[in-house]
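Here's the structure, in structure tokens; my notes come after.
Only the coordinates and a few stated rules stand behind these numbers; no lab work does. Keep in mind it's a predicted model, so treat the numbers as computed, not measured. Here the Cβ positions follow ideal geometry from the backbone for every residue, glycine too, while neighbour counts run over all protein chains shown.
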Amino acid sequence: MGITKEQALKLIGEKISQFQTMLNMAARGKYQHQAYEEVHRSTKNSLTQLFPNREIDLPYMGWIAEEMVYDEELLPIYKNSLYSCIAQLKAYREEIQKFWDTKLAPDVSCDVSLIIRLCKRIRNAARILENRKQKDKTPYLIKDEYDVQDLLHALIRGYMKYSVQENTLEKSAGTRASRPDISIEDLGVLIEVKYVRSPKDQKRIVNEFSQDLVLYAKWKPLKTLVLVIYNSDTLRDPEALEKLSDPKETGITGFDVSIILV
């Protein structure tokens with residue numbers, strides 16, 4: 001059974017307080033070698049417990065844990081490490097506050113919420129890669145749905161330890177064979193990407209997704225189906241596609257459908 005939201009927030013608060021105590025000591029020019037080692041280790045263990053399928057990146061300065069004498073030039077590095085740890089913990093706390101359900105096990109509810117957030121922000125990531133600061137660097141241009149898939153796959157893998165892959169689903173009579181762009185079986189998540197080239201694509205997307213729903217509904221682990229529509233502002237009425245998440249419109253029940261317009 002997963003830890004509750006209240007317990008998680010209390011734990012994160014305690015860890016922030018511990019790092020803050022060391023930071024206060026650092027402001028007076030004092031290092032706490034043993035405390036730094038113990039607090040960092042216990043904090044990383046706690047975060048691993050809270051986010052068991054996440055790569056935990058907590059800044060660590062190994063030399064701080066060693067018993068040795070430091071000069072004043074190293075003190076700012078030590079303090080920056082503590083600041084970074086506190087900032088990272090506050091980011092985790094904000095995520096828990098916004099996206100954790102009070103009663104559900106956090107490893108599932110929170111990770112699915114994070115995946116949806118990454119899908120919503122993919123265009124922001126693409127803009128950075130399209131406009132590289134260094135002139136000799138080749139830009140990463142989004143020209144089709146495969147480019148979107150690769151970037152989204154990379155973003156998800158940067159956060160998750162889950163197996164992320166394409167799964168070929170069994171073909172049903174009267175339907176075309178289909179393969180979701182990204183599947184995460186441990187979470188019961190399928191992600192389908194549609195790339196918009198012209199306003200006329202709206203009808204195509206609706207037809208394809210209607211067929212996909214029939215196939216994907218047969219995938220036993222399915223709990224959340226995400227449809228990412230890239231360049232959605234090109235469509236004549238993109239908001240109308242949000243109706244595809246309504247079971248009354250699709251006639252499909254048993255799992256959640258999230259429509260993401262980017």
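Would you mind computing, in nm to one decimal, how far apart the modelled labels at residue 256 and residue 135 are, each placed 7 Å from Cα along Cα→Cβ?
The answer from the label model is 4.8 nm.
Nearest-5 percent of antiparallel DSSP beta bridges in the range 115-261?
Looking only at bridges with both residues in the range 115-261, the antiparallel portion is about 25 percent.
Can you compute the FRET efficiency between residue 34 and residue 94 using 1/(1 + (r/R0)^6), with r the Cβ-Cβ distance and R0 = 22 Å? Round to the nearest 0.05.
Efficiency computed from Cβ-Cβ geometry: 0.15.
So which lysines pass the test for residue 133, namely a Cα distance under 22 Å, with those fewer than 8 places away in the same chain ruled out?
Partners found: 143.
For each of 148, 164, count neighbouring Cβ atoms within 10 Å of the residue's Cβ, then give the residues from fewest to most.
On the way: 148 24, 164 20.
The fewest-first ordering by Cβ neighbours comes to 164, 148.
Taking other Cβ within 10 Å of each residue's Cβ, how do 36, 78, 159 sort, fewest first?
159, 78, 36
For the range 115-261, calculate the relative contact order in percent as a whole number, restricting contacts to Cα pairs under 8 Å that are 6 or more residues apart.
Across the range 115-261, relative contact order equals 20 percent.
Run the quick spin-label model on residue 154 and residue 237: label points 7 Å from Cα toward the beta carbon, then report their separation in nm to one decimal.
3.7
When 33, 153 are ordered from fewest to most other Cβ atoms inside 10 Å of their Cβ, what list results? Kindly include the intermediate steps, with their values, before the conclusion.
Numbers: 33 14, 153 17.
Going from least to most buried by this count: 33, 153.
For the cross-link pairs 120/218; 44/220; 161/194; 98/243; 90/220, which exceed 32 Å when the distance is taken from alpha carbon to alpha carbon?
44/220; 90/220
Just flag the GluC sites (Glu not before Pro) in the range 176-262 sitting in loop per DSSP whose Cβ has no more than 16 other Cβ atoms within 10 Å.
Those that pass, being in a loop and sparsely packed, are 185.
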